[in-house]
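These notes concern the structure reproduced below.
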Amino acid sequence: MKELVGINRRFSYYFNLLKDFRFGKDIRVYNATGLLMERVNRYINEDWVMLDRRTVVSNRFAVAQSFLSTLQQGVLYAYLGLRVLARAITVGEFQMLISAAGTFMGSMAQVLYHVIDLGKNAGFMYEYVRFMQYPAAKVSSGDPVRKAPALTFALCGVSFKYHGSDAYALRDLSLRIPAGQKLAVVGPNGAGKTTLVKLLTRLYDPSEGEILLDGQDIRRFAPEDYAKLFDVVFQDYKLLAFSIRDNVALGKDGNDAAVRSVLRLAGLEEKVAGLARGIDTPVYKVFDDDGLELSGGESQKLAIARAIYRDAPVVTLDEPTAALDPVAEYEVYRRFDKLVGGKTAIYISHRLSSCRFCDRIAVLDGGRLVEYGTHEELLRRGGRYLKMWDAQAQWYAEQRGDVQQRA
């Protein structure tokens, strides 16, 4: 049964790839339809093999059951018939015993069927019990979070490993984020920047160490209450096939004026104003042929508008502007910085120029905090941050030189 579950999961994945518009461009450009169909057909054949195997076993059991039932009835009829001929029982008693025996054998067959069915389902029950024995990632109860415009966080010796991995995504990280601070977190891919955000927002709990909010372990707080502290735009944000209004409000009352205000701050006001249905225009064509297909940059702006609308005391941007050009990214960060005001803000970006306005910059590498300070301090220190800064500056200079040569 486990083997069949694995086959069905892979089949569903490949089948969904064929009809999911998000993968359409790559599939068509790289002509990957043949590859996907080959995978789908392979797993269909494997499923048929598994079905044939189960059918053979089931048929063998049915044949054996029918044979035994016929044999039992034949023996019973012969025995009772001989008893009638010997005048040991009457014809009426013969009929009564045959009927009683048939009812008994039918009941026994049902008992046997359910015992076998229970054995087949025991495997599912085992997996269910294993699942229920997993410790809950979160609990519904906890202390209420103190409502304040800005709060102080402290990471104390925090280490974290993802489930099934022996490598630490973060290692012995200690960092204080004072109330109202604007913190930039930079570093190469795999440095642990996104993991840091996930730990702060309690999508995961640390493997070691603790995270404090105003001196209290964040695991003490009610998860739903704690989550309301954050506006987060992740790098792999997701939009829903709902209206623009619903994507922005996301469960809250979608006030027209408020929705349009955050769309203006995110730079989508002109785009939405030109739509016939305005903020009620559906995103994507999943449910409506008139749905709006947004570009990568426009999708990111809508995700940012959603974060602005929530108006939480802690704002986090986890590289949501990766698809924007440097000028557009700087403009989004500048607007966001004005909107944040005195709130605690955490910015993650590969483009260091977008982080210059931050109060402090934390440089992560290999899951460890290797440098911390202001932009000017880190440049004077001549460490990892300076190397990253010089590398990006050189790249832009080379690009500018290439353009001037072509001109």
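The values are calculated or read from the model by the stated rules, or taken from the named source; none is laboratory data. It should be emphasised that the depicted structure is a prediction, and the values quoted were computed from it without experimental measurement. Using ideal geometry, Cβ is built from the backbone for each residue, glycine included, and neighbour counts are taken over all protein chains shown.
What the table below lists for this structure:
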quantity: Spans of helices (runs of 4 or more DSSP H) in segment 1-102 with at least 1 residues more than 32 Å from the chain's Cα centre (by Cα); calculated: 33-85
quantity: Pairs, first in the same structural domain as R310 (by TED's automatic domain parsing) in segment 337-353, second of a type in the set (D, E, K, R), C-beta under 6 Å, six or more apart; calculated: A345/K182; I348/K193; I348/D318; I348/E319; S349/E319
quantity: Filter result (buried (at least 18 other Cβ atoms within 10 Å of the Cβ) and under 13 Å from D246 (Cα atoms)) within segment 263-279; calculated: L263, I279
quantity: Checking E298 against (1) in contact with a helix residue (DSSP H, G or I) (Cβ under 6 Å, 6 or more places away or on another chain); (2) within 24 Å of R334 (Cβ to Cβ); (3) in the same structural domain as L317 (by TED's automatic domain parsing), the condition it does not meet; calculated: (1)
quantity: Unique match (being out of contact with any Lys or Arg (no Cβ under 8 Å at 6 or more places or on another chain), outside any strand (DSSP E or B) and within 30 Å of Y226 (Cα to Cα)) among K271, K301; calculated: K301
quantity: Residue match in segment 382-400 (condition: part of a helix (DSSP H, G or I), closer than 24 Å to R171 by Cβ, at pLDDT 75 or above and among the charged types (D, E, K, R)); calculated: yes
quantity: Selection count where residues are surrounded by 15 or more Cβ atoms within 10 Å (Cβ to Cβ), among the polar types (S, T, N, Q) and touching a strand residue (DSSP E or B) at 6+ places or on another chain (Cβ under 8 Å), scope segment 331-386; calculated: 3
quantity: Close pairs from segment 88-99: first closer than 12 Å to L76 by Cβ, partner surrounded by 11 or more Cβ atoms within 10 Å (Cβ to Cβ) and of a type in the set (K, R), Cβ under 8 Å, at least 6 apart; calculated: F94/R83
quantity: Tally of residues being among the basic types (K, R) and under 22 Å from L71 (Cβ atoms) across segment 82-111; calculated: 1
quantity: Where a residue in segment 214-236 is more than 15 Å from R306 (Cα to Cα) and without any contact (Cβ under 8 Å) to a residue 12 or more places away in the chain and its partner, wherever it lies, is of a type in the set (V, I, T) and assigned to a strand (DSSP E or B), with Cβ under 8 Å and at least six apart; calculated: D217/I211
quantity: Candidates V248, V262, V197, V232, filtered to the one that is more than 20 Å from the chain's Cα centre (by Cα) and β-branched (V, I, T); calculated: V262
quantity: Leading residue by the ranking (nearest to V272 (Cα to Cα)) among those in segment 242-256 that are of a type in the set (A, V, I, L, M) and in contact with a Gly (Cβ under 9 Å, 6 or more places away or on another chain); calculated: I244
